[in-house]
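Chemist: Sharing a structure with you now.
The values are calculated or read from the model by the stated rules, or taken from the named source; none is laboratory data. What you are looking at is a predicted structure, and each value in this text was computed from that prediction instead of being measured. Using ideal geometry, Cβ is built from the backbone for each residue, glycine included, and neighbour counts are taken over all protein chains shown. Calculation scope for accessible area: heavy atoms of the full protein, side chains included, ligands and nucleic acids excluded. Shrake-Rupley method; radii C 1.70, N 1.55, O 1.52, S 1.80 Å.
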Amino acid sequence: MIEQGSPEWLQQRLGMVTASRISDVLARTKTGYGASRKNYMAQLVVERMTGQPQESYTNAAMQWGIDHEAEARSTYEFMSGNIVIPAEFIRHQEIEMSGASPDGVITDDGIVELKCPNTATHIETLLTKSVEDKYIMQMLWQMECSNRGWCDYVSYDPRMPPELSLFVKRVERDQARIDEIKKEVLAFLGELSSMVDKLNQLKVAS
C-alpha cells in the first residue's frame, strides 16, 4: 500500500490531472479561464519535462488537516458505522493522464473525503449544511475514477464541542456534471501535451 503524500505516491501522480485540482482545471473568469488553470498547467509541464514532482506548499492550516485526518476517519467510522478502507491512487479507466486518491473506500459503492478545516470554516459548514463547489467537483472526479456511486463529505474539528465536531453530507454521483468535467479534463490535457511538445522542440532547437 503506497501511502498518500509519500514520495512514491507523488511519483505515481507525476504530470497527471488529479481530483484535488479539478477546480483549477475548470477555473474561469468573466473573460475566460482563470489564472489557477494556467498555473496548474505550468506545474504539470515542469513535472513531465523533468520527471520530478513539484511539491505543493503546506501552511500551518494544511498541516493541521494532515495531522488530524486519522482522528477524523476514526470519528466518522464510530458515528456512521461505516468501515473506511484506505485507498491508493486510482487511475481513470479511459483518460490515461488523470486519476484520484480518495481518502478511503466504503462498501462496494462509496468513498469518503475527509476535511479538517479551520474552525471558522467548520462552523460555516455546520450552519449552512453545504459543501463548497470545488470539493463537489473533487468528489465527483473521485467517483468517476473509482467507479463509485456516492461520497461522504466529512468536516471534522476536534476544537469544537463533541456534538458539533463532525459534519457529514452524502454527495451522490452526478453523471451529467461528471461528463462536463471529463470534457474539460480532456481539453486541458490536450493543451498540456501540445505545450510540452513545443517546449521540447525549443530544447532541440537550442
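Chemist: Kindly provide the set of residues from segment 63-96 that are among the hydroxyl-bearing types (Ser, Thr, Tyr) and surrounded by 15 or more Cβ atoms within 10 Å (Cβ to Cβ), ordered by number.
Modeler: Answer for segment 63-96, where residues must be among the hydroxyl-bearing types (Ser, Thr, Tyr) and surrounded by 15 or more Cβ atoms within 10 Å (Cβ to Cβ): Thr75, Tyr76, Ser80.
Chemist: From the list Ile123, Ile181, pick out the single residue that is crowded, with 18+ Cβ neighbours inside 10 Å and β-branched (Val, Ile, Thr).
Modeler: Criteria check complete, one pass: Ile181.
Chemist: Then there's this: Looking at Leu186, Leu164 in this structure, which one is open to solvent by 20 Å² or more (accessible area, probe 1.4 Å), at pLDDT 95 or above, in contact with a Leu (Cβ under 8 Å, 6 or more places away or on another chain) and not charged (D, E, K, R)?
Modeler: Testing whether each residue is open to solvent by 20 Å² or more (accessible area, probe 1.4 Å), at pLDDT 95 or above, in contact with a Leu (Cβ under 8 Å, 6 or more places away or on another chain) and not charged (D, E, K, R) leaves just Leu164.
Chemist: Go through segment 102-120 and report how many residues are open to solvent by 50 Å² or more (accessible area, probe 1.4 Å) and either part of a helix (DSSP H, G or I) or not β-branched (Val, Ile, Thr) (or both).
Modeler: Total satisfying the criteria: 4.
Chemist: A further question on this structure: So the check is Cβ under 7 Å with 6+ separation or different chains; which pairs have a first residue in segment 21-32 that's in contact (Cβ under 8 Å) with a residue 24 or more places away in the chain and a second one that's part of a strand (DSSP E or B) and buried (at least 19 other Cβ atoms within 10 Å of the Cβ)?
Modeler: Val25/Val17
Chemist: For segment 163-175, give me the residue count where each residue is under 16 Å from Ile123 (Cβ atoms) and either touching a helix residue (DSSP H, G or I) at 6+ places or on another chain (Cβ under 9 Å) or assigned to a loop (DSSP other than H, G, I, E, B) (or both).
Modeler: 6
Chemist: Among the candidates Leu114, Leu44, which residue alone is of a type outside the set (Val, Ile, Thr) and more than 30 Å from Lys203 (Cα to Cα)?
Modeler: Testing whether each residue is of a type outside the set (Val, Ile, Thr) and more than 30 Å from Lys203 (Cα to Cα) leaves just Leu114.
Chemist: Within segment 1-29, how many residues are under 25 Å from Ala70 (Cβ atoms), charged (D, E, K, R) and not in a helix (DSSP H, G or I)?
Modeler: 2
Chemist: A further question on this structure: Cβ-Cβ below 7 Å, separation at least six or inter-chain, first residue in segment 142-161 and assigned to a strand (DSSP E or B), second among the hydroxyl-bearing types (Ser, Thr, Tyr): which pairs?
Modeler: Close Cβ pairs (under 7 Å, with a partner that is among the hydroxyl-bearing types (Ser, Thr, Tyr)) amount to Tyr153/Tyr135; Val154/Tyr76; Ser155/Thr125; Tyr156/Thr75; Tyr156/Ser165.
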